Every structure is written in structure tokens, then in C-alpha cells.
Amino acid sequence: MGAKTVWWGHYWSATSRKWSSWLRLLVMRFADVVLFYTDKEVEVHRATARHNDRQVVFGLNNGIETAAIEKFRIPYNVDQRPRDLLFIGRITEKSEIDLLLNALTYPQCASVTLDVIGAGGEKDALQRRLADRHLDGRVVLHGGLTDEARISEIANQCKLFVYPGGVGLSLIHALAYGLPGVVHDDRKTHMPEIAAHEEGVNGCLFRKGNAESLADTIATALESTEELNRMSGAALNTVGDSFNTADMARRFLKMFRDIAASRR
């Protein structure tokens, strides 16, 4: 019927496999327009030999609504924050939160505190592991929260966001609070939103699956007051410029305008 088609999805994500990725990219070649979750995916796609030169390719920089966060967020000053780490996300195997608990047992993290916002099938087992490792005095499980006012009461006390597994929108949520992010160094096993993380700019990296590396990264970051304050500002710039729903809407409308213009 001559209608333009848009293929909208991930280029690569934490659950991608070579065969499924190959099949997805093959189907994608038949669309007139490709819409990826991030600009980074657009960049990688254009660098591959399999892309279609006739296609128009866009990136959304997938993010979240930040208006409520901006309302509740308080200025970041690491010296005035009584808590250390924040984890926010579903407590599942993908989150690898057990690795974070292991890191907290290392001497360099002996006094580090952790607040966990999230629910999931692993929560009950997590509570038992806290007791087994004598961490229940330093780790607080808040359960699943959707009220941004309540989330802000916790996030505004913390200095650093840590996600030991394959991170996605949780990273954007934390950056919107001005929290520098600690994530692992294997970008291919993260979700597309990892594109918002820049090592040394708005966060730090540790070696994937390595609890001691995570412990060292956390300890070093918490000792670097000036660096944390600087990275907090960069985190706010990241979600202020993009990775928010207002910018996503602008990009989405631009895509349709460009499609319409190409049909004239």
C-alpha cells in the first residue's frame, strides 16, 4: 500500500544472542526507518557492514519522566549525605545484587551502607543472605516503591548508585537524582541505557563479576569527595540534556516530520 514502516527496538541488549541478533537485524533491513533506543546504537549500527544505506536511522535516548524527580531532588553535597550506596531496580538474577553484598564484606567496604529499593523473586533470599553475612545492620531493604516522594527521601540521602548486573533505566533514574553510577565494564551485557554512563564523567566502572574490583571501586569513589560532587553535576547534565521523556518526544516527532518530508 506504499506506507512507510518503522522498526523500533534494541540494536543489542543484555539478553541478546548472536543468532537472535542476526535474525532481528535481517528483518530490520526491510523497514524504511529504524528507531533505536539510543544514539550509541545508531553509531554502532552505522559502523557495521550489515546496515542498509537507504534507511533513515534515529535514536531516542530512552529515558524517564524527570519532572517529579526535579521537584523532590535536593542539591548534592557528598559531605552532607549520611548514607553511601543506593540500588534501585527489580531484585532478580539479572541484577546480580549478591555480588554487591559480597563486595560489602571486603575490608575496604567494612563500614559502607546500602539502601535497596526494589522487589522481586530474590528479595526473601536476599534477606537471609544479609543475616548470614552480618550485613543486616548496614543494608536496608525498602521493598518495591513507586511513589517518587518516598523514593526521593532515600535517594537524597545517598552518595552513589551501584548496579552490579546488567543495568537499564535504573541508571537513568539514579542520574536524575545526581547520583554518580557504578556499573560493570562489559557494555554488551547491559541494556541500551548504558549509553548514558561515561566513565570518569558521571560514574565509574568495575570488572564484571568481580566482587573485589567492585569493593575497590566503591571505596575509591567514596573517598573522592571532590570527584563525586563533580560527577553529580555531570549526571544531572546527562539527564537534563537527554534521556528524558521531553527529549524523547522531540526526537519522535522529528522522525515523523522527516519521514513525511521524504514522501513529497
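The values are calculated or read from the model by the stated rules, or taken from the named source; none is laboratory data. Everything numeric here is computed off the predicted structure, so don't read it as measured data. Cβ sites come from the backbone with ideal geometry, for glycine too, and all protein chains shown count toward neighbours. Note: areas computed on protein heavy atoms with side chains; ligands, DNA, RNA excluded. Shrake-Rupley method; radii C 1.70, N 1.55, O 1.52, S 1.80 Å.
If we scan the range 107-126, do we find a residue that is at pLDDT below 95, open to solvent by 60 Å² or more (accessible area, probe 1.4 Å) and more than 28 Å from Lys188 (Cα to Cα)? There is at least one residue in the range 107-126 that is at pLDDT below 95, open to solvent by 60 Å² or more (accessible area, probe 1.4 Å) and more than 28 Å from Lys188 (Cα to Cα). Here Phe58 does not qualify as touching a residue at least 12 places away in the same chain (Cβ under 8 Å), part of a strand (DSSP E or B) and either within 15 Å of the chain's Cα centre (by Cα) or closer than 18 Å to Asn202 by Cα (or both).
Based on what the data block shows, is Thr220 open to solvent by 50 Å² or more (accessible area, probe 1.4 Å) and either under 24 Å from Thr113 (Cα atoms) or in a helix (DSSP H, G or I) (or both)? Criteria met by Thr220. Scan the range 6-55 residue by residue and report those that are within 24 Å of Leu253 (Cβ to Cβ), of a type in the set (D, E, K, R) and outside any loop (DSSP other than H, G, I, E, B). If the condition is that a residue be within 24 Å of Leu253 (Cβ to Cβ), of a type in the set (D, E, K, R) and outside any loop (DSSP other than H, G, I, E, B), then Asp39, Lys40, Glu41, Glu43, Arg46 are the ones that fit. Picking from residues in the range 223-264 that are open to solvent by 70 Å² or more (accessible area, probe 1.4 Å) and of a type in the set (Lys, Arg), the one that is nearest to Gly200 (Cα to Cα) is Arg230.
Residue pairs whose Cβ atoms lie under 8 Å apart, separated by 6 or more positions or on different chains, with the first residue in the range 165-186 and more than 17 Å from Ser242 (Cβ to Cβ) and among the acidic types (Asp, Glu) and the second open to solvent by less than 10 Å² (accessible area, probe 1.4 Å) and in a strand (DSSP E or B), are Asp185/Phe206. Looking only at the range 185-197, decide whether some residue is over 25 Å from Asn102 (Cβ atoms), open to solvent by 10 Å² or more (accessible area, probe 1.4 Å), in contact with a Lys or Arg (Cβ under 7 Å, 6 or more places away or on another chain) and small (Gly, Ala, Ser). Yes, that holds for at least one residue.
Here is a yes/no grid of residues against (1) over 20 Å from His190 (Cβ atoms); (2) touching a helix residue (DSSP H, G or I) at 6+ places or on another chain (Cβ under 6 Å); (3) surrounded by fewer than 17 Cβ atoms within 10 Å (Cβ to Cβ):
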residue	(1), (2), (3)
Lys4	yes, yes, yes
His10	no, yes, no
Arg17	no, no, yes
Arg24	no, no, yes
Val27	yes, no, yes
Lys40	no, yes, no
His45	no, no, no
Thr48	no, no, yes
Val57	yes, yes, no
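Any residue at all in the range 199-216 that's part of a helix (DSSP H, G or I), without any contact (Cβ under 8 Å) to a residue 40 or more places away in the chain and surrounded by fewer than 20 Cβ atoms within 10 Å (Cβ to Cβ)? Outline the logic, then answer.
Looking only at the range 199-216, we keep the residues that are part of a helix (DSSP H, G or I), and these are 211-216.
Now narrow it down to the ones that are without any contact (Cβ under 8 Å) to a residue 40 or more places away in the chain: 213.
Next, only the ones that are surrounded by fewer than 20 Cβ atoms within 10 Å (Cβ to Cβ) stay: 213.
Yes.
Considered as a group, the residues in the range 131-156 that are under 23 Å from Asn102 (Cβ atoms) and of a type in the set (Lys, Arg) include one that is least open to solvent (accessible area, probe 1.4 Å), and that residue is Arg138.
Counting just the residues of the range 223-251 that are assigned to a loop (DSSP other than H, G, I, E, B) and within 17 Å of the chain's Cα centre (by Cα), which one comes out nearest to Leu104 (Cα to Cα)? First the steps, then the outcome.
The first filter runs over the range 223-251 and keeps only residues assigned to a loop (DSSP other than H, G, I, E, B), leaving 224, 242-243.
If we keep only those that are within 17 Å of the chain's Cα centre (by Cα) as well, we get 242-243.
Numbers: Ser242: 33, Phe243: 31 Å.
Among them, the one singled out is Phe243.
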